[in-house]
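Chemist: Here it is: the structure, laid out below.
The values are calculated or read from the model by the stated rules, or taken from the named source; none is laboratory data. Since the structure is predicted, the reported quantities are computational estimates derived from the model, not experimental observations. Heads up, the Cβs are rebuilt from the backbone with ideal geometry, glycines too, and the neighbour counts pull from every protein chain shown.
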Amino acid sequence: MKVVDCLNENCPIPLIKTRQAIMDGKKSDLIQVIGDHPQSFDEIPMALESMGIKIIEKKQGKDVWRIKFKL
Amino acid sequence: MNIKNNNNRSATIIVHSGDFDKLMSAFIIGNGFLSMGIPVSLFFTFWGLKALTKRGFKKAPLSKMNLLGLGKAMIRLKMRRHNVASLEKLAQSFKSLGGEIIACTMTMELMGIKEKDLRADLVKSYGTVGKYCYITKDADITLFI
């Protein structure tokens with residue numbers, strides 16, 4: 001599984017890094033995005049939805065959130 | 001994988017302003033669309049095109065409270081403090097996500113800007129209003145900055 005580290009990143013870097021990982025990835029790759037930018041926790045799923053990518057897991061921890069999806 | 005958005009939408013943005021903050025907006029929005037699988041073309045014209053010359057990003061003033069560059073220095077300091085990406089990084093990301101940058105040749109003639117004066121790493125193609133209108137007629141979103 002590929003991990004995309006977006007910790008300490010601000011808008012729009014988490015979105016950019018997620019898209020870059022999708023572009024670099026191939027069919028059925030698992031990708032996990034980790035971050036702490038609050039809006040990106042909502043907006044990365046919006047981007048995934050607009051590309052028809054299904055989320056496997058979306059978890060908000062105390063300081064860090066995780067979003068996992070499959071290409 | 002170059003996964004596009006569900007509805008096959010595309011966007012174009014005219015970058016008319018050469019102000020640092022407006023260039024930031026153009027690249028942030030451009031990157032936002034690209035991140036959602038929406039192809040984006042940026043048309044740089046007038047003062048916007050000047051920003052695409054070498055050292056153009058460095059010279060770009062703030063639209064308000066530039067204070068001979070002091071205001072801009074303060075904003076850049078704050079950007080670093082809040083982990084906001086630099087204009088240069090946003091432009092590089094835009095390119096690496098497949099964004100297209102078009103330079104207005106009419107502005108080039110008007111302002112005496114030659115191809116060699118422009119950032120070859122950013123500019124993909126050249127055109128005038130015809131090219132903008134041709135691409136935009138099939139786009140779903142267009143913005144003027």
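Chemist: Could you please find all residues in region A:33-68 being touching an Asp or Glu at 6+ places or on another chain (Cβ under 8 Å), farther than 11 Å from A:LEU15 by Cα and surrounded by 19 or more Cβ atoms within 10 Å (Cβ to Cβ)?
Modeler: A:TRP65, A:ILE67
Chemist: Kindly establish whether B:LEU23 is more than 11 Å from chain A (Cβ to nearest Cβ), assigned to a helix (DSSP H, G or I) and surrounded by fewer than 16 Cβ atoms within 10 Å (Cβ to Cβ). Talk me through it step by step, then tell me what you get.
Modeler: Numbers: more than 11 Å from chain A (Cβ to nearest Cβ): yes; assigned to a helix (DSSP H, G or I): yes; surrounded by fewer than 16 Cβ atoms within 10 Å (Cβ to Cβ): no.
So B:LEU23 fails the test.
Chemist: Can B:LYS124 be described as at pLDDT below 95, under 13 Å from the mean Cα position of the chain (by Cα) and not acidic (Asp, Glu)? So that I can check it myself, show each step before the final result.
Modeler: On the way: at pLDDT below 95: yes; under 13 Å from the mean Cα position of the chain (by Cα): yes; not acidic (Asp, Glu): yes.
Against the criterion (at pLDDT below 95, under 13 Å from the mean Cα position of the chain (by Cα) and not acidic (Asp, Glu)), B:LYS124 qualifies.
Chemist: Would you check which residues across region B:96-118 are in a loop (DSSP other than H, G, I, E, B), surrounded by fewer than 16 Cβ atoms within 10 Å (Cβ to Cβ) and within 14 Å of another protein chain (Cβ to nearest Cβ) and list them?
Modeler: Start the filter on region B:96-118 by keeping residues that are in a loop (DSSP other than H, G, I, E, B), which leaves B:97-99, B:112-114.
Imposing the further condition that a residue be surrounded by fewer than 16 Cβ atoms within 10 Å (Cβ to Cβ) reduces the set to B:98, B:112, B:114.
Across region B:96-118, the qualifying residue is only B:GLY98.
Chemist: Within region B:119-133, how many residues turn out to be more than 24 Å from B:SER10 (Cβ to Cβ) and surrounded by 14 or more Cβ atoms within 10 Å (Cβ to Cβ)?
Modeler: Going through region B:119-133, the residues more than 24 Å from B:SER10 (Cβ to Cβ) turn out to be B:120.
Adding the requirement that they be surrounded by 14 or more Cβ atoms within 10 Å (Cβ to Cβ) leaves none.
Result for region B:119-133: 0.
Chemist: Can you tell me which residue among B:GLY18, B:GLY71, B:GLY32 is free of Cβ contacts under 8 Å to residues at least 60 places away in the same chain and closer than 30 Å to A:ILE31 by Cβ? Steps first, answer last, please.
Modeler: Details: B:GLY18 fails: closer than 30 Å to A:ILE31 by Cβ; B:GLY71 fails: closer than 30 Å to A:ILE31 by Cβ.
Of B:GLY18, B:GLY71, B:GLY32, the one residue that is free of Cβ contacts under 8 Å to residues at least 60 places away in the same chain and closer than 30 Å to A:ILE31 by Cβ is B:GLY32.
Chemist: Checking the condition within 13 Å of chain B (Cβ to nearest Cβ) and either free of Cβ contacts under 8 Å to residues at least 12 places away in the same chain or in contact with a helix residue (DSSP H, G or I) (Cβ under 7 Å, 6 or more places away or on another chain) (or both), which residue from A:LEU7, A:LEU71 passes?
Modeler: Details: A:LEU7 fails: either free of Cβ contacts under 8 Å to residues at least 12 places away in the same chain or in contact with a helix residue (DSSP H, G or I) (Cβ under 7 Å, 6 or more places away or on another chain) (or both).
One residue alone meets the criteria, A:LEU71.
Chemist: Same structure, new question: So A:MET1 clears everything in (1) at pLDDT 95 or above; (2) surrounded by fewer than 19 Cβ atoms within 10 Å (Cβ to Cβ); (3) under 17 Å from A:LEU71 (Cβ atoms) except one condition, right? Which one?
Modeler: (1)
Chemist: Considering region A:11-32 alone, what residues qualify as being at the interface with chain B (Cβ under 9 Å from one of its Cβ atoms), surrounded by 16 or more Cβ atoms within 10 Å (Cβ to Cβ) and not in a helix (DSSP H, G or I)?
Modeler: Across region A:11-32, the qualifying residues are A:CYS11, A:PRO12, A:GLY25.
Chemist: Also: Which residue pairs have Cβ atoms under 7 Å apart, sit 6 or more places apart or on different chains, and have a first residue in region B:87-107 that is within 12 Å of A:GLN20 (Cβ to Cβ) and a second that is aromatic (Phe, Trp, Tyr) and modelled with pLDDT of 95 or more?
Modeler: Matching pairs, first to second residue: B:PHE94/B:PHE27.
Chemist: When residues of region B:37-63 are filtered for being out of contact with any strand residue (DSSP E or B) (no Cβ under 7 Å at 6 or more places or on another chain), surrounded by fewer than 23 Cβ atoms within 10 Å (Cβ to Cβ) and in contact (Cβ under 8 Å) with a residue 24 or more places away in the chain, how many remain? Steps first, please.
Modeler: Of the residues in region B:37-63, the ones out of contact with any strand residue (DSSP E or B) (no Cβ under 7 Å at 6 or more places or on another chain) are B:37, B:39, B:46-47, B:50-51, B:54-63.
Next, only the ones that are surrounded by fewer than 23 Cβ atoms within 10 Å (Cβ to Cβ) stay: B:39, B:46-47, B:50, B:54-59, B:61-63.
Then drop every residue that is not in contact (Cβ under 8 Å) with a residue 24 or more places away in the chain, which leaves B:39, B:46-47, B:50, B:54, B:56-57, B:61-63.
Counting residues in region B:37-63 that are out of contact with any strand residue (DSSP E or B) (no Cβ under 7 Å at 6 or more places or on another chain), surrounded by fewer than 23 Cβ atoms within 10 Å (Cβ to Cβ) and in contact (Cβ under 8 Å) with a residue 24 or more places away in the chain gives 10.
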